[in-house]
Amino acid sequence: MPAGQAVHLTIPAKAEYITLVRLALAGLWRVGRHSDEALADLKLAVTEACSNSVRHAYGEGREGTVKVDYELHPDRLVVEVSDDGTGSDPGTWERERGELTEGGLGLAIIRALTDELELANGGGQGSRLRLVKFLDD
């Protein structure tokens, strides 16, 4: 497999489009012939990441998009989910890390299912979540 295969997807920030994100991930994952168990974990992590953007990036009645960039390398898969919404404070994400409440489990789930997680804020103009899964098989 060539190093650094990439797929870029932009969807409307609506829950019904998250299925496309999962399908693109599955298609790219199959190129590397990796385990189904790891794919299931990644589908859940990416679904949670996209759901956060869909729910929190754009205010009521405001339309926007969610961008998902996938990079498949020989040793890892990198997925970056970003939006151009209002953004939020990464410090808030870190404070909520220990507070597992309903509606606040997304980041805990993503952390548990991936090897690296990076959260960034675009200074009031969007958020970015980058996750990495190392490939063992």
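Points worth noting:
- Per-q log10 I(q)/I(0), the stretch 1-49, q = 0.26 Å⁻¹ (Debye; single scatterer per alpha-carbon; no solvent): -1.07
- Carbon and sulfur %, accessible surface of the stretch 20-64 computed with the full protein complex present, 1.4 Å: 49 percent
- The lysines within cross-link reach of K14, meaning a Cα-to-Cα straight distance under 24 Å and a gap of 8 or more places when in the same chain, are K43, K67.
- Which of E60, E37, E80 is most accessible, then next, and so on - probe 1.4 Å: E60, E37, E80
- A112/L135 FRET efficiency (R0 22 Å; Cβ-Cβ; nearest 0.05): 0.80
- Computing FRET efficiency as 1/(1 + (r/R0)^6) for Q5 and A26, where r is the C-beta to C-beta distance and R0 is 22 Å, gives about 0.95.
The values are calculated or read from the model by the stated rules, or taken from the named source; none is laboratory data. Quantities reported herein were computed from a predicted structural model and do not represent experimental measurements. Because the Cβ atoms are built from the backbone with ideal geometry, glycine has one as well, and the counts that use them run over all protein chains shown. Note: areas computed on protein heavy atoms with side chains; ligands, DNA, RNA excluded. Shrake-Rupley method; radii C 1.70, N 1.55, O 1.52, S 1.80 Å.
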